[in-house]
Structure formats: structure tokens, C-alpha cells
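Working notes, structure below.
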Amino acid sequence: MARILIIDDDPNMAEMVEIALRTEGHETRAFSDAESALGAIDSMRPEAMIVDIMLPGRDGLDFVSTVRANSRVPIVFMTGRAQMRDKIRGYRVGGDDYVVKPFLLTELALRVDSLLRRDAWAARPPDTLSVGDLILNVADGTAQRGCRSLKLTRDEFDIVSALASTPGKPWSPESLARRLGIPTDSPRHMAESIYVKMSRLRAKIAHPGEAVLLHTRRGSGYTISAEAD
């Protein structure tokens with residue numbers, strides 16, 4: 001779904017964070033110090049960052065302050081510092097969220113997903129989303145394809161608007177389930193629920209003779225694109 005840069009001088013922690021995020025379909029790259037990470041930003045073009053505050057040499061606060069001079073990429077601080085004054089410093093230099101070690105990896109993944117969705121929505125006009133000839137009116141929850149109005153349920157609109165907020169990038173079934181409030185403790189039931197909703201949504205969006213917009217990426221999830229597979 002997104003390219004995520006991680007900085008932590010603890011290799012075990014960095015590896016666990018990478019595994020958790022890759023499970024969600026993200027691409028990750030980890031660094032043990034701020035200087036190495038700064039040197040890789042231009043080539044990697046991360047869409048989110050997870051930064052430890054306590055780092056060798058330049059610390060995480062200084063790193064984020066430097067990044068913020070040229071970028072609004074979502075940034076999550078992770079640190080063992082739990083005092084309020086430390087959190088305030090993190091937010092003031094440009095952090096978007098703050099998790100205190102030890103933390104649940106699932107919680108970190110949820111926080112990252114939330115920031116990515118917020119950033120995707122902020123980057124587009126707030127009232128409409130469009131993919132090809134499909135137009136979604138976010139304000140009133142209506143959808144139209146060409147001259148045809150689509151009668152979508154609330155869940156169907158939430159799914160297609162999520163996909164349209166990041167066109168071409170897959171959403172895992174678990175990420176969609178979380179967005180819809182579907183329990184994820186039973187992976188099989190969760191996947192079946194999303195599959196059924198996607199099947200109905202495909203039938204409504206693409207009538208015979210119309211280009212297919214919804215696609216399944218094996219091993220990654222679902223995506224929307226006006227380009228054929």
C-alpha cells in the first residue's frame with residue numbers, strides 16, 4: 001500500500017516493525033541512524049515514516065525537524081519516553097503521532113494506516129473522488145459512472161471510496177475490514193465477508209461492456225484503477 005521508512009538503532013525492534021507493516025502490504029526500509037535515512041529519502045520517496053527519538057548521532061527530533069523543511073509526509077515517533085513534555089517536543093517538531101515503547105505492533109500498524117488515509121484524503125478535493133468515469137461524491141455518499149447513478153450500500157461506498165483515495169495501490173482485506181468495523185479475529189470469516197462485498201460492488205460498478213475498475217492483486221488485496229490489468 002505505501003512505502004514506509006523506519007529508523008531505529010535496535011535491529012530487533014526494526015525487524016518486528018517491518019514484519020508487522022509488510023503483513024499489511026506495505027513496503028518498508030529500515031535504517032539504524034538518521035544520516036543514512038536522510039540520504040535515502042530522495043530515492044525511496046517514503047509515504048510515511050516511523051522514527052525512534054533516541055538515535056546515535058543526530059536524534060529523531062532533529063531528523064524530523066530537517067524533514068519538515070521540505071515534506072509533510074506522515075511521521076510517527078516511537079520512543080521509551082512517556083512524559084508529556086517529551087510528547088509535546090515531538091509534536092512541535094512535526095510529528096503526527098507518538099507511540100510509547102513497549103507497544104502493540106497491531107496498534108502501530110493501525111496508527112500508520114490512519115495517517116495514510118488522512119494524508120490521502122487531504123491531498124484530494126474533499127467533496128469528490130474520481131477514477132476513470134467513476135465519480136464519488138464524498139459529501140453525500142452518492143456515486144455515478146458515466147450517466148448512470150450507482151445504488152451503493154454504505155459499506156460498498158466506504159470500500160470504493162477507500163480504494164479511490166489511493167488509486168492503483170492495493171488494500172488488504174484486513175485493512176478494509178477495519179475500515180468497515182468488521183471483526184478481524186477470525187481471518188477466514190473476515191476474508192469471506194470482504195469477498196462477498198467486493199463481488200457485489202464489482203457487479204454494480206461494471207456492467208457488461210464497461211471497463212473493469214476493481215482489481216484483485218494476489219497476495220496484496222484489492223485496488224481500483226482505470227487501467228486494465
If we take the range 124-229, then helices (runs of 4 or more DSSP H) inside it with 1 or more residues that are among the acidic types (Asp, Glu), modelled with pLDDT under 95 and within 15 Å of residue 1 (Cα to Cα) are 173-180
Provide a single number: the residues in the range 91-122 that are modelled with pLDDT under 90, more than 20 Å from residue 176 (Cβ to Cβ) and among the small types (Gly, Ala, Ser).
-> 1
Any idea which of (1) surrounded by fewer than 17 Cβ atoms within 10 Å (Cβ to Cβ); (2) over 15 Å from residue 96 (Cα atoms); (3) in contact with a strand residue (DSSP E or B) (Cβ under 9 Å, 6 or more places away or on another chain) is the one residue 68 doesn't satisfy?
-> (2)
Does the range 28-43 hold any residues that are farther than 19 Å from residue 77 by Cβ and surrounded by 15 or more Cβ atoms within 10 Å (Cβ to Cβ), and which are they?
-> none
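On the given criteria, is residue 15 free of Cβ contacts under 8 Å to residues at least 60 places away in the same chain, closer than 30 Å to residue 218 by Cβ, more than 18 Å from the chain's Cα centre (by Cα) and surrounded by fewer than 17 Cβ atoms within 10 Å (Cβ to Cβ)?
Numbers: free of Cβ contacts under 8 Å to residues at least 60 places away in the same chain: yes; closer than 30 Å to residue 218 by Cβ: yes; more than 18 Å from the chain's Cα centre (by Cα): yes; surrounded by fewer than 17 Cβ atoms within 10 Å (Cβ to Cβ): yes.
Here the answer is yes, as residue 15 does meet what is asked.
The values are calculated or read from the model by the stated rules, or taken from the named source; none is laboratory data. Quick caveat, the model's predicted, so the values are computed rather than measured. Note that each Cβ is placed from the backbone with ideal geometry, even for glycine, and that neighbours are counted across all protein chains shown.
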